[in-house]
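The values are calculated or read from the model by the stated rules, or taken from the named source; none is laboratory data. Just so you know, these numbers come straight off a predicted model, no measurement behind them. Ideal geometry is used to build each Cβ from the backbone, glycine not excepted, and the neighbour counts take in all protein chains shown. Remember, those area values only see protein heavy atoms, side chains included, never the ligands or the DNA or RNA. Shrake-Rupley method; radii C 1.70, N 1.55, O 1.52, S 1.80 Å.
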Amino acid sequence: MLSRDLLREKPEAVARSLADRGVEGEPVVRWVELDEARRSSIAEVEELKRRRNEASKAIGAIKKSGGDATDEIAEVGTLKSRIEEVETRRAEAEEELEALELSLPNLAKPDVPVGPDEASNRLERTVGEPRRFDFEPEAHWDLGPRLGILDFERGARVAGARFTALFGAGARLERALSQFMLDLHTTEHGYTEVLPPFLINADALVGTGQLPKFEEDLFKVQGTGYYLVPTAEVPLTNLHRGEILEEDELPVRYTAWTPCFRSEAGSYGKDVRGLIRQHQFQKVELVQLTTPETSDRALAELTGHAERVLQLLELPYRVVTLSTGDMGFGAARTHDLEVWLPGQQAYREISSCSDCEAFQARRANLRYRPADGGKPRFVHSLNGSGLAVGRTLVAVLENYQEANGTVTVPQALRPYMGGLERIGG
RNA sequence: GGAGGGGUGGCUGAGUGGUCGAAAGCGGCGGUCUUGAAAACCGUUGAGCCUUCGGGUUCCAUGGGUUCGAAUCCCAUCCCCUCCGCCA
(Lines give C-alpha, C1' and ligand atoms only; values in the text may rest on other atoms or scores of the structure.)
Protein backbone atom coordinates (compact mmCIF):
# COMPACT_ATOMS: atom_id res chain seq x y z
CA MET A 1 0.00 0.00 0.00
CA LEU A 2 1.11 3.49 -0.77
CA SER A 3 1.16 6.24 1.80
CA ARG A 4 -2.17 8.05 2.01
CA ASP A 5 -0.39 11.24 2.98
CA LEU A 6 1.71 11.04 -0.16
CA LEU A 7 -1.33 10.36 -2.35
CA ARG A 8 -3.10 13.38 -0.89
CA GLU A 9 -0.15 15.73 -1.03
CA LYS A 10 1.38 14.78 -4.38
CA PRO A 11 -1.18 12.94 -6.48
CA GLU A 12 0.40 14.01 -9.79
CA ALA A 13 3.83 12.80 -8.77
CA VAL A 14 2.39 9.46 -7.65
CA ALA A 15 0.52 9.10 -10.93
CA ARG A 16 3.70 9.75 -12.93
CA SER A 17 5.63 7.25 -10.86
CA LEU A 18 2.92 4.63 -11.29
CA ALA A 19 2.98 5.23 -15.03
CA ASP A 20 6.66 4.23 -14.99
CA ARG A 21 5.52 0.93 -13.54
CA GLY A 22 2.99 0.43 -16.30
CA VAL A 23 -0.13 1.26 -14.34
CA GLU A 24 -2.71 2.38 -16.85
CA GLY A 25 -5.70 4.65 -16.45
CA GLU A 26 -6.32 7.20 -13.77
CA PRO A 27 -6.29 5.28 -10.51
CA VAL A 28 -4.90 8.22 -8.59
CA VAL A 29 -7.69 10.52 -9.76
CA ARG A 30 -10.20 7.92 -8.62
CA TRP A 31 -8.34 7.51 -5.34
CA VAL A 32 -8.60 11.23 -4.61
CA GLU A 33 -12.35 11.17 -5.33
CA LEU A 34 -12.89 8.20 -3.04
CA ASP A 35 -10.72 9.65 -0.32
CA GLU A 36 -12.77 12.82 -0.34
CA ALA A 37 -16.04 10.89 -0.33
CA ARG A 38 -14.78 8.80 2.53
CA ARG A 39 -13.66 11.74 4.60
CA SER A 40 -16.81 13.78 4.18
CA SER A 41 -19.00 10.80 5.10
CA ILE A 42 -16.82 10.11 8.15
CA ALA A 43 -17.22 13.71 9.30
CA GLU A 44 -20.96 13.46 8.85
CA VAL A 45 -21.42 10.12 10.54
CA GLU A 46 -19.21 11.09 13.46
CA GLU A 47 -21.20 14.26 14.07
CA LEU A 48 -24.40 12.17 14.14
CA LYS A 49 -22.79 9.70 16.50
CA ARG A 50 -21.72 12.53 18.79
CA ARG A 51 -25.33 13.68 19.02
CA ARG A 52 -26.56 10.13 19.57
CA ASN A 53 -24.07 9.55 22.37
CA GLU A 54 -25.10 12.80 24.01
CA ALA A 55 -28.77 11.85 23.89
CA SER A 56 -28.05 8.39 25.28
CA LYS A 57 -26.22 9.89 28.21
CA ALA A 58 -29.12 12.21 28.85
CA ILE A 59 -31.51 9.26 28.84
CA GLY A 60 -29.39 7.52 31.40
CA ALA A 61 -29.46 10.56 33.65
CA ILE A 62 -33.21 11.03 33.23
CA LYS A 63 -33.99 7.39 34.00
CA LYS A 64 -31.72 7.45 37.00
CA SER A 65 -33.72 10.32 38.47
CA GLY A 66 -36.97 8.55 37.58
CA GLY A 67 -38.03 10.97 34.78
CA ASP A 68 -39.67 10.33 31.42
CA ALA A 69 -37.25 10.01 28.48
CA THR A 70 -39.73 9.29 25.68
CA ASP A 71 -38.74 12.33 23.57
CA GLU A 72 -35.03 11.60 23.89
CA ILE A 73 -35.52 7.96 22.94
CA ALA A 74 -37.41 9.05 19.83
CA GLU A 75 -34.60 11.42 18.92
CA VAL A 76 -32.04 8.63 19.17
CA GLY A 77 -34.22 6.55 16.88
CA THR A 78 -34.12 9.27 14.22
CA LEU A 79 -30.38 9.69 14.58
CA LYS A 80 -29.82 5.96 14.30
CA SER A 81 -31.54 5.66 10.97
CA ARG A 82 -29.58 8.62 9.60
CA ILE A 83 -26.34 7.11 10.91
CA GLU A 84 -27.13 3.86 9.15
CA GLU A 85 -27.72 5.68 5.89
CA VAL A 86 -24.49 7.69 5.96
CA GLU A 87 -22.57 4.73 7.32
CA THR A 88 -23.54 2.70 4.26
CA ARG A 89 -22.14 5.41 2.01
CA ARG A 90 -18.95 5.51 4.05
CA ALA A 91 -18.52 1.76 3.91
CA GLU A 92 -18.98 1.71 0.13
CA ALA A 93 -16.38 4.42 -0.41
CA GLU A 94 -14.05 2.69 2.02
CA GLU A 95 -14.41 -0.66 0.34
CA GLU A 96 -13.66 0.65 -3.12
CA LEU A 97 -10.80 2.74 -1.76
CA GLU A 98 -9.18 -0.23 -0.06
CA ALA A 99 -9.58 -2.44 -3.10
CA LEU A 100 -7.94 0.25 -5.19
CA GLU A 101 -5.12 0.71 -2.70
CA LEU A 102 -4.42 -3.01 -2.56
CA SER A 103 -4.15 -3.11 -6.35
CA LEU A 104 -1.53 -0.38 -6.72
CA PRO A 105 2.12 -1.44 -6.87
CA ASN A 106 4.86 0.23 -4.89
CA LEU A 107 6.66 3.26 -6.28
CA ALA A 108 10.20 2.82 -7.50
CA LYS A 109 12.98 4.75 -5.80
CA PRO A 110 14.22 7.72 -7.83
CA ASP A 111 17.44 6.06 -8.99
CA VAL A 112 15.73 2.97 -10.38
CA PRO A 113 16.08 2.79 -14.18
CA VAL A 114 12.83 3.58 -15.96
CA GLY A 115 11.76 1.19 -18.68
CA PRO A 116 9.08 -1.25 -19.75
CA ASP A 117 10.93 -4.54 -19.24
CA GLU A 118 14.18 -6.32 -18.45
CA ALA A 119 15.91 -4.67 -21.41
CA SER A 120 16.12 -1.53 -19.27
CA ASN A 121 17.72 -3.22 -16.27
CA ARG A 122 21.01 -1.71 -15.18
CA LEU A 123 24.09 -3.91 -14.89
CA GLU A 124 25.81 -3.12 -11.59
CA ARG A 125 28.76 -5.49 -11.62
CA THR A 126 30.01 -8.78 -12.92
CA VAL A 127 31.83 -11.06 -10.50
CA GLY A 128 33.97 -14.01 -11.54
CA GLU A 129 34.94 -15.18 -15.00
CA PRO A 130 32.87 -17.75 -16.86
CA ARG A 131 35.07 -20.80 -17.11
CA ARG A 132 36.45 -21.73 -20.56
CA PHE A 133 35.56 -25.28 -21.46
CA ASP A 134 37.71 -27.32 -23.81
CA PHE A 135 34.61 -29.40 -24.55
CA GLU A 136 30.98 -28.65 -25.25
CA PRO A 137 29.35 -28.13 -21.81
CA GLU A 138 26.13 -30.02 -21.31
CA ALA A 139 22.90 -28.47 -20.11
CA HIS A 140 21.81 -29.87 -16.75
CA TRP A 141 18.75 -31.50 -18.30
CA ASP A 142 21.11 -33.76 -20.24
CA LEU A 143 23.81 -34.06 -17.60
CA GLY A 144 21.49 -34.79 -14.67
CA PRO A 145 19.60 -37.72 -16.19
CA ARG A 146 22.82 -39.12 -17.66
CA LEU A 147 24.31 -39.24 -14.15
CA GLY A 148 21.06 -40.62 -12.77
CA ILE A 149 20.64 -37.77 -10.29
CA LEU A 150 17.82 -35.83 -11.97
CA ASP A 151 14.73 -37.60 -13.26
CA PHE A 152 12.24 -35.45 -15.08
CA GLU A 153 10.16 -38.30 -16.48
CA ARG A 154 9.56 -39.96 -13.15
CA GLY A 155 8.89 -36.59 -11.52
CA ALA A 156 6.19 -36.06 -14.12
CA ARG A 157 4.83 -39.55 -13.53
CA VAL A 158 4.12 -38.96 -9.84
CA ALA A 159 3.07 -35.34 -10.18
CA GLY A 160 3.15 -33.78 -13.63
CA ALA A 161 5.00 -31.37 -15.83
CA ARG A 162 7.37 -29.04 -13.99
CA PHE A 163 8.04 -31.55 -11.22
CA THR A 164 11.31 -33.41 -10.87
CA ALA A 165 12.65 -36.20 -8.70
CA LEU A 166 16.25 -36.03 -7.47
CA PHE A 167 18.13 -39.22 -6.75
CA GLY A 168 21.25 -40.11 -4.80
CA ALA A 169 24.00 -37.51 -5.06
CA GLY A 170 21.49 -35.11 -6.66
CA ALA A 171 19.17 -35.20 -3.67
CA ARG A 172 22.16 -35.02 -1.37
CA LEU A 173 23.50 -32.02 -3.26
CA GLU A 174 20.19 -30.21 -2.90
CA ARG A 175 20.26 -30.88 0.84
CA ALA A 176 23.93 -29.91 1.11
CA LEU A 177 23.29 -26.59 -0.60
CA SER A 178 20.37 -25.85 1.71
CA GLN A 179 22.40 -26.60 4.82
CA PHE A 180 25.38 -24.68 3.55
CA MET A 181 23.28 -21.59 2.90
CA LEU A 182 21.48 -21.69 6.24
CA ASP A 183 24.73 -22.17 8.13
CA LEU A 184 26.32 -19.24 6.31
CA HIS A 185 23.47 -16.83 6.99
CA THR A 186 23.00 -17.82 10.61
CA THR A 187 26.64 -17.95 11.65
CA GLU A 188 28.16 -15.18 9.53
CA HIS A 189 25.35 -12.83 8.55
CA GLY A 190 23.37 -12.58 11.77
CA TYR A 191 20.09 -14.17 10.69
CA THR A 192 17.87 -16.21 12.98
CA GLU A 193 16.82 -19.50 11.43
CA VAL A 194 13.07 -19.99 11.24
CA LEU A 195 11.06 -22.97 10.15
CA PRO A 196 7.71 -21.44 9.25
CA PRO A 197 4.44 -23.07 8.20
CA PHE A 198 4.35 -24.13 4.54
CA LEU A 199 0.62 -23.53 4.36
CA ILE A 200 -0.35 -19.93 4.90
CA ASN A 201 -3.55 -17.92 5.12
CA ALA A 202 -4.92 -15.18 2.91
CA ASP A 203 -4.16 -12.40 5.39
CA ALA A 204 -0.46 -13.23 5.20
CA LEU A 205 -0.56 -13.15 1.41
CA VAL A 206 -2.33 -9.79 1.43
CA GLY A 207 0.34 -8.54 3.82
CA THR A 208 3.19 -9.19 1.41
CA GLY A 209 1.21 -8.32 -1.72
CA GLN A 210 0.56 -11.67 -3.45
CA LEU A 211 -3.14 -11.17 -2.80
CA PRO A 212 -5.57 -9.98 -3.91
CA LYS A 213 -3.98 -9.38 -7.29
CA PHE A 214 -1.97 -12.51 -8.01
CA GLU A 215 -4.16 -15.33 -6.80
CA GLU A 216 -3.72 -17.25 -10.07
CA ASP A 217 -0.01 -17.65 -9.33
CA LEU A 218 -0.77 -19.60 -6.15
CA PHE A 219 -1.82 -23.11 -5.26
CA LYS A 220 -4.82 -23.06 -2.97
CA VAL A 221 -5.76 -26.02 -0.81
CA GLN A 222 -9.27 -26.97 -1.74
CA GLY A 223 -11.84 -26.80 1.02
CA THR A 224 -9.62 -24.72 3.28
CA GLY A 225 -8.48 -21.13 3.47
CA TYR A 226 -4.87 -22.20 3.05
CA TYR A 227 -2.41 -21.63 0.25
CA LEU A 228 0.88 -23.41 -0.40
CA VAL A 229 3.69 -21.03 0.43
CA PRO A 230 5.05 -19.45 -2.81
CA THR A 231 8.12 -18.07 -1.02
CA ALA A 232 9.23 -17.92 2.61
CA GLU A 233 9.07 -14.15 2.24
CA VAL A 234 5.36 -14.46 3.04
CA PRO A 235 5.49 -16.31 6.36
CA LEU A 236 8.71 -14.61 7.50
CA THR A 237 7.54 -11.07 6.81
CA ASN A 238 4.15 -11.79 8.36
CA LEU A 239 5.49 -13.30 11.57
CA HIS A 240 5.19 -9.92 13.29
CA ARG A 241 2.06 -8.77 11.47
CA GLY A 242 0.02 -6.42 13.64
CA GLU A 243 2.78 -6.00 16.17
CA ILE A 244 4.53 -2.90 17.43
CA LEU A 245 8.19 -3.82 17.77
CA GLU A 246 10.66 -1.88 19.89
CA GLU A 247 13.31 -0.02 17.91
CA ASP A 248 16.08 -1.90 19.69
CA GLU A 249 14.67 -5.16 18.31
CA LEU A 250 15.48 -3.92 14.80
CA PRO A 251 16.80 -4.96 12.45
CA VAL A 252 14.96 -8.27 12.55
CA ARG A 253 16.83 -10.77 10.39
CA TYR A 254 15.23 -14.09 9.56
CA THR A 255 16.31 -16.86 7.25
CA ALA A 256 14.32 -19.94 6.37
CA TRP A 257 14.53 -22.92 4.12
CA THR A 258 11.16 -23.78 2.61
CA PRO A 259 9.73 -25.43 -0.42
CA CYS A 260 8.03 -22.90 -2.70
CA PHE A 261 4.95 -23.69 -4.75
CA ARG A 262 3.97 -21.69 -7.80
CA SER A 263 1.32 -22.38 -10.38
CA GLU A 264 3.39 -20.70 -13.10
CA ALA A 265 0.16 -19.71 -14.80
CA GLY A 266 0.97 -17.77 -17.92
CA SER A 267 4.46 -19.17 -18.36
CA TYR A 268 3.45 -21.79 -20.92
CA GLY A 269 6.36 -22.76 -23.09
CA LYS A 270 8.85 -20.86 -20.96
CA ASP A 271 11.80 -22.79 -19.54
CA VAL A 272 10.02 -26.05 -20.14
CA ARG A 273 13.23 -28.04 -19.94
CA GLY A 274 15.11 -28.70 -16.78
CA LEU A 275 14.90 -27.42 -13.24
CA ILE A 276 14.72 -23.72 -13.93
CA ARG A 277 10.96 -23.26 -13.68
CA GLN A 278 9.20 -25.76 -11.44
CA HIS A 279 5.90 -25.87 -9.59
CA GLN A 280 7.87 -26.83 -6.50
CA PHE A 281 11.38 -25.74 -5.64
CA GLN A 282 13.33 -25.17 -2.48
CA LYS A 283 14.67 -21.82 -1.45
CA VAL A 284 16.60 -20.31 1.42
CA GLU A 285 15.10 -16.89 2.00
CA LEU A 286 16.41 -13.81 3.77
CA VAL A 287 14.05 -11.28 5.32
CA GLN A 288 14.84 -8.12 7.23
CA LEU A 289 12.69 -5.60 9.05
CA THR A 290 14.45 -2.28 9.54
CA THR A 291 13.85 1.35 10.34
CA PRO A 292 13.07 3.60 7.35
CA GLU A 293 16.47 5.25 7.75
CA THR A 294 18.43 2.03 7.38
CA SER A 295 16.66 0.06 4.66
CA ASP A 296 18.86 1.34 1.83
CA ARG A 297 21.96 0.10 3.57
CA ALA A 298 20.17 -3.09 4.58
CA LEU A 299 19.36 -3.90 0.95
CA ALA A 300 22.99 -3.51 -0.02
CA GLU A 301 23.97 -5.81 2.85
CA LEU A 302 21.29 -8.36 2.16
CA THR A 303 22.28 -8.50 -1.50
CA GLY A 304 25.85 -9.04 -0.34
CA HIS A 305 24.72 -11.92 1.89
CA ALA A 306 23.16 -13.63 -1.12
CA GLU A 307 26.24 -12.91 -3.25
CA ARG A 308 28.44 -14.48 -0.62
CA VAL A 309 26.84 -17.85 -1.37
CA LEU A 310 27.84 -17.60 -5.02
CA GLN A 311 31.32 -16.38 -4.10
CA LEU A 312 31.93 -19.29 -1.74
CA LEU A 313 30.67 -21.71 -4.37
CA GLU A 314 32.92 -19.94 -6.86
CA LEU A 315 30.15 -19.44 -9.36
CA PRO A 316 30.40 -16.50 -11.78
CA TYR A 317 27.50 -14.07 -11.60
CA ARG A 318 26.40 -10.55 -12.21
CA VAL A 319 24.21 -8.10 -10.31
CA VAL A 320 21.53 -6.05 -12.03
CA THR A 321 19.12 -3.42 -10.78
CA LEU A 322 15.67 -4.13 -12.14
CA SER A 323 13.94 -1.42 -14.13
CA THR A 324 10.56 -0.02 -13.15
CA GLY A 325 8.85 -2.36 -15.60
CA ASP A 326 10.59 -5.52 -14.41
CA MET A 327 10.25 -5.09 -10.65
CA GLY A 328 7.90 -7.05 -8.46
CA PHE A 329 4.65 -5.58 -7.13
CA GLY A 330 5.84 -4.58 -3.67
CA ALA A 331 9.41 -3.57 -4.40
CA ALA A 332 10.85 -0.06 -4.38
CA ARG A 333 14.23 -1.31 -5.52
CA THR A 334 15.34 -4.78 -6.59
CA HIS A 335 18.74 -6.27 -7.27
CA ASP A 336 18.75 -9.56 -9.13
CA LEU A 337 21.69 -11.92 -8.97
CA GLU A 338 22.18 -13.79 -12.21
CA VAL A 339 24.41 -16.83 -12.28
CA TRP A 340 26.31 -17.99 -15.35
CA LEU A 341 24.97 -21.23 -16.84
CA PRO A 342 27.44 -22.69 -19.36
CA GLY A 343 24.86 -25.13 -20.67
CA GLN A 344 22.69 -22.26 -21.80
CA GLN A 345 25.48 -19.74 -22.38
CA ALA A 346 23.47 -17.23 -20.38
CA TYR A 347 23.18 -15.49 -17.04
CA ARG A 348 20.00 -16.64 -15.28
CA GLU A 349 18.26 -15.22 -12.24
CA ILE A 350 19.14 -17.06 -9.04
CA SER A 351 18.21 -14.45 -6.45
CA SER A 352 16.03 -11.38 -6.25
CA CYS A 353 16.65 -8.95 -3.41
CA SER A 354 14.14 -6.21 -2.75
CA ASP A 355 13.55 -3.27 -0.46
CA CYS A 356 9.80 -2.90 -0.10
CA GLU A 357 10.10 0.15 2.16
CA ALA A 358 6.81 0.54 4.07
CA PHE A 359 4.66 -0.98 1.32
CA GLN A 360 4.24 -4.37 2.98
CA ALA A 361 4.36 -2.91 6.49
CA ARG A 362 1.27 -0.83 5.75
CA ARG A 363 -0.57 -3.87 4.45
CA ALA A 364 0.54 -6.00 7.37
CA ASN A 365 0.27 -3.22 9.96
CA LEU A 366 3.83 -3.89 10.97
CA ARG A 367 5.25 -1.09 13.11
CA TYR A 368 7.95 -0.24 15.61
CA ARG A 369 8.12 2.25 18.43
CA PRO A 370 11.02 4.70 18.03
CA ALA A 371 13.58 4.64 20.81
CA ASP A 372 12.63 8.21 21.76
CA GLY A 373 9.17 6.93 22.68
CA GLY A 374 7.39 8.69 19.81
CA LYS A 375 4.43 7.42 17.80
CA PRO A 376 4.72 4.00 16.17
CA ARG A 377 6.08 4.06 12.62
CA PHE A 378 5.91 1.48 9.87
CA VAL A 379 9.02 -0.63 9.50
CA HIS A 380 10.70 -1.20 6.17
CA SER A 381 10.71 -4.79 4.96
CA LEU A 382 13.29 -6.43 2.73
CA ASN A 383 13.58 -9.87 1.28
CA GLY A 384 15.89 -11.81 -0.95
CA SER A 385 16.69 -15.32 -2.02
CA GLY A 386 19.83 -16.59 -0.50
CA LEU A 387 19.54 -18.57 -2.79
CA ALA A 388 17.06 -20.49 -4.90
CA VAL A 389 18.41 -23.97 -4.15
CA GLY A 390 17.26 -25.73 -7.32
CA ARG A 391 18.81 -23.12 -9.57
CA THR A 392 21.99 -23.21 -7.50
CA LEU A 393 22.11 -26.96 -8.04
CA VAL A 394 21.77 -26.35 -11.77
CA ALA A 395 24.60 -23.82 -11.63
CA VAL A 396 26.86 -26.23 -9.74
CA LEU A 397 26.19 -29.08 -12.16
CA GLU A 398 26.76 -26.99 -15.27
CA ASN A 399 29.77 -25.00 -14.04
CA TYR A 400 31.57 -27.90 -12.38
CA GLN A 401 31.10 -30.50 -15.12
CA GLU A 402 34.21 -32.17 -16.48
CA ALA A 403 35.22 -33.53 -19.85
CA ASN A 404 34.82 -37.10 -18.59
CA GLY A 405 31.16 -36.47 -17.79
CA THR A 406 31.54 -36.19 -14.03
CA VAL A 407 30.84 -33.21 -11.80
CA THR A 408 33.35 -31.89 -9.28
CA VAL A 409 31.84 -31.06 -5.90
CA PRO A 410 32.73 -27.45 -4.95
CA GLN A 411 35.13 -27.27 -2.01
CA ALA A 412 32.64 -25.41 0.17
CA LEU A 413 30.08 -28.21 -0.17
CA ARG A 414 32.29 -31.19 0.50
CA PRO A 415 31.77 -31.14 4.28
CA TYR A 416 28.04 -31.30 3.56
CA MET A 417 28.47 -34.15 1.08
CA GLY A 418 30.28 -36.46 3.45
CA GLY A 419 33.56 -35.53 1.82
CA LEU A 420 32.42 -36.52 -1.67
CA GLU A 421 34.64 -34.89 -4.29
CA ARG A 422 33.04 -36.05 -7.49
CA ILE A 423 29.61 -37.01 -8.73
CA GLY A 424 29.57 -39.77 -11.33
CA GLY A 425 32.42 -41.69 -12.81
C1' G B 1 -13.88 -36.44 15.90
C1' G B 2 -16.31 -35.96 21.33
C1' A B 3 -16.62 -32.94 26.13
C1' G B 4 -15.38 -28.58 28.61
C1' G B 5 -12.81 -23.74 29.43
C1' G B 6 -11.10 -19.21 27.40
C1' G B 7 -9.65 -14.81 23.92
C1' U B 8 -9.43 -7.44 27.65
C1' G B 9 -3.83 -2.22 26.74
C1' G B 10 3.81 -3.89 25.80
C1' C B 11 2.92 -8.15 29.66
C1' U B 12 -0.06 -10.35 33.88
C1' G B 13 -4.97 -9.64 35.10
C1' A B 14 -9.91 -7.23 37.22
C1' G B 15 -14.30 -5.82 35.16
C1' U B 16 -21.33 -9.54 33.71
C1' G B 17 -25.95 -3.45 30.98
C1' G B 18 -24.78 3.26 31.75
C1' U B 19 -20.14 8.41 33.54
C1' C B 20 -15.33 2.14 31.35
C1' G B 21 -10.46 3.31 26.80
C1' A B 22 -11.26 0.18 30.86
C1' A B 23 -8.97 -1.34 38.21
C1' A B 24 -4.48 -3.22 40.02
C1' G B 25 0.40 -5.03 39.35
C1' C B 26 4.64 -5.46 36.12
C1' G B 27 7.26 -3.03 32.30
C1' G B 28 8.42 1.92 29.88
C1' C B 29 9.20 7.27 30.44
C1' G B 30 9.99 11.78 33.66
C1' G B 31 11.17 13.40 38.58
C1' U B 32 12.70 13.27 44.09
C1' C B 33 16.61 10.96 46.82
C1' U B 34 22.07 9.34 45.66
C1' U B 35 29.06 10.70 44.22
C1' G B 36 26.73 7.06 40.67
C1' A B 37 23.42 3.00 40.52
C1' A B 38 19.78 0.05 42.94
C1' A B 39 15.74 0.36 46.32
C1' A B 40 11.89 3.59 47.91
C1' C B 41 8.54 7.50 46.81
C1' C B 42 5.80 11.01 43.31
C1' G B 43 3.99 11.76 38.47
C1' U B 44 3.16 9.89 33.67
C1' U B 45 2.31 6.03 29.97
C1' G B 46 -2.67 2.18 24.30
C1' A B 47 -3.81 2.41 18.96
C1' G B 48 -6.50 4.01 14.47
C1' C B 49 -9.37 7.58 11.96
C1' C B 50 -11.74 12.59 11.19
C1' U B 51 -10.81 17.67 12.40
C1' U B 52 -13.04 24.23 11.37
C1' C B 53 -6.77 21.78 15.86
C1' G B 54 -11.27 23.46 20.32
C1' G B 55 -12.28 18.74 19.83
C1' G B 56 -14.86 14.44 17.90
C1' U B 57 -15.15 9.27 16.76
C1' U B 58 -13.84 4.05 16.77
C1' C B 59 -11.39 -0.17 18.95
C1' C B 60 -11.90 -5.15 24.98
C1' A B 61 -10.53 -12.06 18.96
C1' U B 62 -13.73 -11.23 14.14
C1' G B 63 -18.61 -10.40 11.99
C1' G B 64 -23.76 -9.86 12.91
C1' G B 65 -27.89 -9.02 16.52
C1' U B 66 -30.74 -7.23 21.13
C1' U B 67 -30.97 -2.31 23.76
C1' C B 68 -32.03 4.69 24.43
C1' G B 69 -27.13 2.60 25.97
C1' A B 70 -22.78 -3.49 25.23
C1' A B 71 -16.05 -5.31 27.18
C1' U B 72 -20.52 -7.04 29.81
C1' C B 73 -26.60 -10.20 26.88
C1' C B 74 -27.68 -13.39 22.09
C1' C B 75 -25.95 -15.81 17.31
C1' A B 76 -22.11 -17.21 13.87
C1' U B 77 -16.97 -17.61 12.68
C1' C B 78 -11.75 -17.83 13.84
C1' C B 79 -8.00 -18.85 17.32
C1' C B 80 -5.94 -20.81 22.01
C1' C B 81 -6.05 -24.23 26.31
C1' U B 82 -7.58 -28.93 29.11
C1' C B 83 -9.46 -34.00 28.95
C1' C B 84 -10.94 -38.35 25.81
C1' G B 85 -10.35 -40.80 20.99
C1' C B 86 -7.22 -41.13 16.66
C1' C B 87 -2.48 -40.23 14.66
C1' A B 88 3.51 -38.88 12.51
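Go through the range A:228-263 and give me each residue that's within 16 Å of the chain's Cα centre (by Cα) and of a type in the set (D, E, K, R). Hits for the range A:228-263 are A:Glu233, A:Arg241, A:Arg253, A:Arg262.
Do we find that A:Gly330 is of a type outside the set (Lys, Arg), free of Cβ contacts under 8 Å to residues at least 40 places away in the same chain and either in the same structural domain as A:Arg253 (by TED's automatic domain parsing) or under 29 Å from A:Ala176 (Cβ atoms) (or both) in this structure? Considered against the rule, which asks whether it is of a type outside the set (Lys, Arg), free of Cβ contacts under 8 Å to residues at least 40 places away in the same chain and either in the same structural domain as A:Arg253 (by TED's automatic domain parsing) or under 29 Å from A:Ala176 (Cβ atoms) (or both), A:Gly330 comes out as no. Filtering the range A:263-306 to residues that are open to solvent by 10 Å² or more (accessible area, probe 1.4 Å) and acidic (Asp, Glu) leaves A:Glu264, A:Asp271, A:Glu293, A:Asp296, A:Glu301.
Can you report the number of residues in the range A:270-313 which are in a loop (DSSP other than H, G, I, E, B) and farther than 15 Å from A:Leu337 by Cα? Of the residues in that region, 10 qualify. Out of all the residues in the range A:185-192, is one or more of a type in the set (Phe, Trp, Tyr), in a loop (DSSP other than H, G, I, E, B) and surrounded by fewer than 20 Cβ atoms within 10 Å (Cβ to Cβ)? Within the range A:185-192, none of the residues are of a type in the set (Phe, Trp, Tyr), in a loop (DSSP other than H, G, I, E, B) and surrounded by fewer than 20 Cβ atoms within 10 Å (Cβ to Cβ).
Sort through A:Leu250, A:Leu245 and tell me the only one that's in contact (Cβ under 8 Å) with a residue 40 or more places away in the chain, open to solvent by less than 10 Å² (accessible area, probe 1.4 Å) and in contact with a strand residue (DSSP E or B) (Cβ under 7 Å, 6 or more places away or on another chain). Please lay out each step first, then the result.
Details: A:Leu250 fails: open to solvent by less than 10 Å² (accessible area, probe 1.4 Å).
Answer to the check: A:Leu245.
It is to be established whether one or more residues within the range A:15-30 are within 12 Å of RNA strand B (Cβ to nearest atom) and either of a type in the set (A, V, I, L, M, F, W, C) or under 28 Å from the mean Cα position of the chain (by Cα) (or both).
Pass one, the range A:15-30, residues within 12 Å of RNA strand B (Cβ to nearest atom): none.
No, the conditions are met nowhere in the range A:15-30.
Please find, within the range A:373-386, the residue that is farthest from the chain's Cα centre (by Cα) out of those that are more than 21 Å from A:Asp5 (Cβ to Cβ) and more than 9 Å from RNA strand B (Cβ to nearest atom).
Within the range A:373-386, the subset more than 21 Å from A:Asp5 (Cβ to Cβ) is A:373, A:382-386.
This time we only want the ones that are more than 9 Å from RNA strand B (Cβ to nearest atom), so: A:382-386.
On the way: A:Leu382: 8, A:Asn383: 7, A:Gly384: 8, A:Ser385: 10, A:Gly386: 13 Å.
Taking the candidates together, the pick is A:Gly386.
Candidates are the residues of the range A:41-66 that are under 14 Å from A:Ile83 (Cα atoms) and out of contact with any helix residue (DSSP H, G or I) (no Cβ under 9 Å at 6 or more places or on another chain); the one that is farthest from RNA strand B (Cβ to nearest atom) is A:Glu47.
Listed here are the residues, each with its yes/no results for (1) in a helix (DSSP H, G or I); (2) closer than 21 Å to A:Thr303 by Cβ; (3) of a type in the set (S, T, N, Q); (4) open to solvent by 10 Å² or more (accessible area, probe 1.4 Å).
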residue	(1), (2), (3), (4)
A:Asp372	no, no, no, yes
A:Lys375	no, no, no, yes
A:Leu387	no, yes, no, no
A:Arg391	yes, yes, no, yes
A:Glu398	yes, no, no, no
A:Asn404	no, no, yes, yes
A:Leu420	no, no, no, yes
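Would the range A:96-113 turn up any residue that is assigned by TED's automatic domain parsing to the domain that holds A:Gln282, more than 13 Å from RNA strand B (Cβ to nearest atom), open to solvent by 60 Å² or more (accessible area, probe 1.4 Å) and under 28 Å from the mean Cα position of the chain (by Cα)? For the range A:96-113, residues assigned by TED's automatic domain parsing to the domain that holds A:Gln282, more than 13 Å from RNA strand B (Cβ to nearest atom), open to solvent by 60 Å² or more (accessible area, probe 1.4 Å) and under 28 Å from the mean Cα position of the chain (by Cα): absent. Taking the stated definitions as given, is A:Asp71 away from RNA strand B (no atom under 16 Å from the Cβ) and surrounded by fewer than 16 Cβ atoms within 10 Å (Cβ to Cβ)? So A:Asp71 does not fit the description; no.
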